[in-house]
Amino acid sequence: MTDDSSLGLDGTDLTVEGVVAVAREDRPVEVTEAARQAVRTGRERVESVLDAGDAVYGLNTGFGDLVDTRIPSDEVDDLQTNLLRSHAAGSGRDLSREEVRALLVVRLNTLLRGYSGVREVVIDHLLTLLNRGVHPVVRSRGSLGASGDLAPLAHLSLVLLGEGAADVDSDGDGDSGTERVSGAEALRRADLDPLTLRAKEGLALINGTQLTTGLAALALFDAERLVRAADAASALTTEVTMGSTAACDPAIHGLRPHRGQAASARNVKRLTRESEIVESHRNCDRVQDAYSIRCLPQVHGAVRDAVSHLREAVEAELNAVTDNPIVFPRDALDARASGTDTAAVVSGGNFHGAPLAHRLDYVTAALTDLASIAERRIDRTLNPSIQESHLPPFLTADSGVRSGYMIPQYTAAALVNECRAEGRPATDSTPVSGGQEDHVSMSATSALTTRRTLDRARRVVAIELLCAAQAAEFVDDLRHGVGTGAVYDIVRAVVEPLDEDRPSDGDVDALAALVGDGRLDAALFDAVEELE
């Protein structure tokens, strides 16, 4: 039973939205009693294997290339502690607060299935870290995505031993800041004793795709929000450049039934519903709009479909067992598996991040295309060679003396270039661990790349919002659509019209925040409930 305000975890039904609620909104977490019983049962299986005395990987052997090294029984606990210390070899920036919280909740949830064999006290320590605002300092680089996200998870897990370092919330939710303290001090403030790890627990803590999955969940949530923002920005651009929404007619998209394409087309139609601007030129002489307007359902829709493909993988991975080895009930596997009459231990490859890595790279490419088409629409509002006659060059009334929004388009172009320059990590692999781990996924690198690309694409869409709203200032006495009017209003709530030249970097930042924190999303759904 969980408190109404708490997120109940049982290892089977954690959602992307649940990860976001814990990571960004500090929603408290509880563990169900059924999950606790699964953890206790899993630990009993591990103990039965240890009592039998047979050599079993992960319990009483070395790791990686040292898999054939048998560890004496009196050194098994030391093995687990040494594993965390030796694997805490990450580099790069520290993960942000929300990234660490996402990592923590996914790591906790996957252990609750009971197949990893940790004790209940490990679960309670992880739970307390989340609920008391104790966030281990985790270096962002070092994972190869096989065997899972080893180095980052080792940094996270060191704090359970009273080692490493942690950022502790001053007020429990981070609003009043954080303080970086030693792992030992962090545990003391959370009223926890340092753990002494037992057999299998060190390996269970660091072996898995939880960094990749946590980052992917955050990126997925933000990408879905960004595609809606791009639909909204493009609808306003279509309107104020006197573009046609005829290319969004459902009859067209019914002949090419891609779900994402149809959804973006419906969004543009809904957002521009009741638009006097669109109606004002219904019978004009223009035959076709440029591709960045006419083909936006196809491009935005392809991005939607890529993001949807990622969601399938993330939803599966959030509740997957990605540990190695996995501890099963005896009757779940055939007799060849190591173990006892009650437990079977088998090595597999669920820690390999390929199912996430390839889809993350796919989404990175799709977001790059989203930024690219938005930049082309920005140019169509600004460029005196191609913009509509009612718009002044660079959207300033006194062009020449003033440059207007000329340079924000430069920034958009630079951001698109950076998106295009990102590699495709999932296509790379470097053998490690003496050749034992001879093919790796680079999934964490893919997730970090997607997050960077998402931030850039968000800023390009913010610049389109900036320019589309400014173009609206030159459309006289005609009403926007029910959705595009809401877009214009919320943009103007944070950015004033450009009456004379001023630095625009702060305006772009404000609009990127508007997209990223959900305020634009909320305004869109208030105006158009059926938005997708």
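With 0.36 nm allotted per residue and the present C-alpha distance subtracted, the residue 12-residue 385 stretch has 128.6 nm of extension available. Comparing Cα centroids, region 91-115 and region 416-483 end up 23 angstrom apart.
When a/c reaches 1.5 or more, the comparison of a/b and b/c decides; with that in mind, is region 143-197 rounded, prolate or oblate per its Cα gyration tensor? Oblate, because a/c is 1.5 or more while a/b does not exceed b/c.
When shorter helices are ignored and each DSSP H run of at least 4 residues is given -39500 (n - 2.57), the per-residue value for the chain at 222 nm works out to -17000 deg cm²/dmol. Among residues other than residue 444 with Cβ under 10 Å from its Cβ, the summed charge is 0 (Lys and Arg +1, Asp and Glu -1).
Pairwise Cα distances in region 382-469 exceed 21 Å in 52 percent of cases.
Sorted largest first by accessible area at a 1.4 angstrom probe radius, with every protein chain in place, the residues 456, 85 fall in the order 85, 456. The magnitude of the dipole of region 162-285, with charges of +1 and -1 set on the Cβ of Lys/Arg and Asp/Glu and taken from the Cα centre, is near 820 debye. Here the dipole of region 464-532 is about 80 debye; that uses its Cα centre as origin and unit charges on the Cβ of Lys and Arg (positive) and Asp and Glu (negative). Screening the chain for DSSP H helices whose Cα atoms reach 27 Å or more along their own axis and whose mean Kyte hydropathy is at least -1.0 gives 33-52, 210-240, 296-318, 354-382, 443-472.
For residue 281, the solvent-accessible surface with a 1.4 Å probe is about 30 Å², rounded to the nearest 10.
In units of the compact-protein estimate 2.2 N^0.38 Å, region 1-87 shows a Cα radius of gyration of 1.51. Go through region 208-316 and name the trypsin sites (Lys or Arg not before Pro) that are in a DSSP coil and have 10 or fewer other Cβ atoms within 10 Å of their Cβ. For trypsin sites (Lys or Arg not before Pro) across region 208-316 that sit outside H, G, I, E and B with at most 10 neighbouring Cβ atoms in 10 Å, the list reads 282, 286. The chain has equivalent-ellipsoid semi-axes of 51, 23, 20 Å, by the square roots of 5 times the alpha carbon gyration tensor eigenvalues, sorted largest first. For residue 184, put the label point 7 Å out on the Cα→Cβ axis and report which residues of region 127-168 keep their amide N under 13 Å from it. Residues 161-165 fall inside that zone. Using every Cα-Cα pair within region 68-143, state what percent have a distance larger than 14 Å. Of the Cα pairs, 71 percent sit more than 14 Å apart. May I ask you to compute the full-extension gain from residue 309 to residue 124, defined as 0.36 nm times their residue separation minus their alpha-carbon distance, rounded to one decimal in nm? Value of the extension gain: 63.2 nm. In the full protein context, region 416-532 carries 43 Å² of accessible surface per residue, based on a 1.4 Å probe and ignoring ligands, DNA and RNA. In a simple Cβ point-charge model (Lys, Arg +1; Asp, Glu -1; nothing else charged), region 1-144 has a dipole of about 500 debye relative to its Cα centre.
Going by the alpha-carbon gyration tensor, a ≥ b ≥ c the square roots of its eigenvalues, is region 342-413 rounded (a/c under 1.5) or, if a/c is not under 1.5, prolate (a/b greater than b/c) versus oblate? Prolate is the answer for region 342-413, as a/c is 1.5 or above and a/b outweighs b/c.
Based on the convex hull around the alpha carbon atoms, region 291-402 presents an average projected area of 10.9 nm². Positive contributions from Lys and Arg (+1) and negative ones from Asp and Glu (-1), summed over other residues with Cβ under 10 Å from the Cβ of residue 530, come out at 0.
A cut-off under 13 angstrom between Cβ atoms defines the neighbours of residue 258, and their net charge, with Lys, Arg +1 and Asp, Glu -1, is +3. The calculated FRET efficiency for residue 502 paired with residue 476, based on their beta-carbon distance and R0 = 25 Å, is about 0.60. Applying 1/(1 + (r/R0)^6) with r as the Cβ-Cβ distance of residue 438 and residue 288 and R0 = 51 angstrom yields a FRET efficiency of 0.45. Accessible area of residue 13 (1.4 Å probe, protein heavy atoms only, ligands and nucleic acids ignored): about 90 Å². With N the number of residues in region 203-299, Rg(Cα) / (2.2 N^0.38 Å) evaluates to 1.47. In region 43-179, inverting the average of 1/r over every pair of distinct C-alpha atoms gives 16.2 Å as the Kirkwood radius.
Computed over protein heavy atoms with a 1.4 Å probe, the carbon and sulfur contribution to the accessible area of the chain reaches 48%. The length gained by stretching the chain between residue 526 and residue 37 to full extension, at 0.36 nm per residue less their Cα-Cα distance, is 171.7 nm.
The values are calculated or read from the model by the stated rules, or taken from the named source; none is laboratory data. Computed from a prediction, not measured in an experiment: that's the story for all the values here. Using ideal geometry, Cβ is built from the backbone for each residue, glycine included, and neighbour counts are taken over all protein chains shown. For accessibility, only protein heavy atoms count, side chains too; no ligands or nucleic acids. Shrake-Rupley method; radii C 1.70, N 1.55, O 1.52, S 1.80 Å.
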